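Quick notes on the structure that follows.
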Amino acid sequence: MISRDSISNAYPIKRLGDVVEFLDSMRRPVTESDRRAGQYPYYGANGLQGTIDDFIFAEPLVLLAEDGGHFGTPGRGIAYCVSGKTWVNNHAHVLRPKAGIDLGFICRVLENYDVTPWVTGTTRGKLTQAGACQILVPVPPLSEQRRIAEILDKAEALRAKRRAALAQLDMLTQSVFLDMFGDPATNPKGWPRIQFAELLTHIESGWSPVCLDRPVAGNEWGVLKLGAVTRCKYDPAENKALPAGVEPDRMLEVKVGDLLFARKNTYELVAACALVRETPPRLLMSDLIFRFRLRSLTDVSAAFLQQLLVYPTKRQSIQKLASGSAGSMPNISKARLLSTLIEVPPLALQCDFAKRVASVENLITAHRNSLAELDALFASLQHRAFRGEL
């Protein structure tokens, strides 16, 4: 991340409030009556939020997150450029560069800046306009700003292509599933349907002790956060360390081959399911996550079942099982899950599908490794650029 300490004095250092104009007084929240899909994009702290049938701004601008909960988190951008006719809600500062400041350059300076010294609040940090004005930024000559922005734009284009390739690979698995098995909502191939309970020995619940507010380090034990399965891809980095002196429940340690299911979340995110293909040791399930235990002689493969459960129409039907009181996150009970009907094609066909998915996952791993290298290159270029070494 970029910070004041990583910026050298090779260029003049100025406060953000001296190089941009804040247009925050013009932004407006989106009310329920405004929530009609339209031709104009509307933005917030975390990027594009949707479309709307009106606009506020009609020029190139930089948006800087006012809140969002991830200030100081590596890899989570907090600034981005917008252009054309747009609407901006009250969760992003709206910046218009002053004379002598290139819009693309100031966006690149801010996008990965560690603004935590200027953030207020503990529960959900907020970067107020007064705080944002104090952010220190390098200001090279305009021609140098444009040169730096152009170099970083080219590097970002390579990252974008890699991310697009990963998105296509994710869609490929779903496409293969549809071709081989059909949409489970209509079951066009007439696969037999049986209750989920007949495929499982049981559903295991996790455990959520009070943890440290950081990931595990070294040989520590940790507990998975809900984010470990939210994207339907297992992410072991989403964990919190177990405090020293708290004995882990080793029966809840996550293993390769586990099927993990988000039993509780928002209606849009509940019922995410992830297959653990690889994992570091000493990570435990939280109580927001179920683990499905398949019978040893079952007619369903874990790879097929995971893709079935996350197929859009199937997942939507499972999400409808969720219940909860007003103001709480909806929860899916074991009883309702066990009574769910599961489509069961021939095992040989499922195994063929699992092999194809494994091939796609190998490609995804290769692309992710390549993207990680590009991310490291981009970060290096940023540091060199703002130290006057590019």
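The values are calculated or read from the model by the stated rules, or taken from the named source; none is laboratory data. As the structure is a prediction and not an experimental result, all values here were calculated from the model. Quick reminder, even Gly has a Cβ in these numbers, built from the backbone with ideal geometry, and neighbours come from all protein chains shown. Quick note on the areas: whole protein, heavy atoms, side chains included, nothing else; ligands and nucleic acids left out. Shrake-Rupley method; radii C 1.70, N 1.55, O 1.52, S 1.80 Å.
The single condition among (1) modelled with pLDDT of 95 or more; (2) hydrophobic (A, V, I, L, M, F, W, C); (3) touching a helix residue (DSSP H, G or I) at 6+ places or on another chain (Cβ under 6 Å); (4) surrounded by fewer than 17 Cβ atoms within 10 Å (Cβ to Cβ) that Trp207 does not satisfy is (1).
Are any of the residues in the range 192-200 under 25 Å from Lys355 (Cβ atoms), in contact with an Asp or Glu (Cβ under 6 Å, 6 or more places away or on another chain) and either among the basic types (Lys, Arg) or part of a helix (DSSP H, G or I) (or both)? Yes, the range 192-200 contains at least one residue that is under 25 Å from Lys355 (Cβ atoms), in contact with an Asp or Glu (Cβ under 6 Å, 6 or more places away or on another chain) and either among the basic types (Lys, Arg) or part of a helix (DSSP H, G or I) (or both). Of all residues in the range 212-224, those satisfying the criterion of being farther than 12 Å from Pro281 by Cβ and at pLDDT below 95 are Leu212, Asp213, Arg214, Pro215, Ala217. Identification of helices (runs of 4 or more DSSP H) wholly contained in the range 96-186 with 1 or more residues that are at pLDDT 95 or above, over 20 Å from Leu23 (Cα atoms) and within 25 Å of the chain's Cα centre (by Cα) yields 142-181.
When the range 339-363 is filtered for residues that are open to solvent by less than 10 Å² (accessible area, probe 1.4 Å) and at pLDDT below 95, only Val357 remains. All conditions in (1) at pLDDT below 90; (2) hydrophobic (A, V, I, L, M, F, W, C); (3) touching a strand residue (DSSP E or B) at 6+ places or on another chain (Cβ under 7 Å); (4) open to solvent by less than 40 Å² (accessible area, probe 1.4 Å) hold for Ala385, with the sole exception of (3).
Using the structure shown, decide if Gly218 is open to solvent by 70 Å² or more (accessible area, probe 1.4 Å) and either within 19 Å of Ala274 (Cβ to Cβ) or assigned to a loop (DSSP other than H, G, I, E, B) (or both). Write out each step before concluding.
On the way: open to solvent by 70 Å² or more (accessible area, probe 1.4 Å): yes; either within 19 Å of Ala274 (Cβ to Cβ) or assigned to a loop (DSSP other than H, G, I, E, B) (or both): yes.
Answer is yes for this residue.
Taking the conditions (1) touching a helix residue (DSSP H, G or I) at 6+ places or on another chain (Cβ under 7 Å); (2) part of a loop (DSSP other than H, G, I, E, B) in turn, Leu371 satisfies each one other than (2).
When Glu204, Glu268, Glu220 are screened for being within 20 Å of Asn331 (Cα to Cα) and touching a Lys or Arg at 6+ places or on another chain (Cβ under 8 Å), only Glu204 passes. Would you say Leu200 is of a type outside the set (S, T, N, Q), under 25 Å from the mean Cα position of the chain (by Cα), open to solvent by less than 70 Å² (accessible area, probe 1.4 Å) and on the phi < 0 side of the Ramachandran plot? Considered against the rule, which asks whether it is of a type outside the set (S, T, N, Q), under 25 Å from the mean Cα position of the chain (by Cα), open to solvent by less than 70 Å² (accessible area, probe 1.4 Å) and on the phi < 0 side of the Ramachandran plot, Leu200 comes out as no.
Listed by first and then second residue, the pairs with beta-carbon distance under 9 Å, at least 6 apart or on different chains, first residue in the range 138-163 and open to solvent by 40 Å² or more (accessible area, probe 1.4 Å), second modelled with pLDDT of 95 or more and acidic (Asp, Glu), are Leu142/Asp102; Arg146/Asp102.
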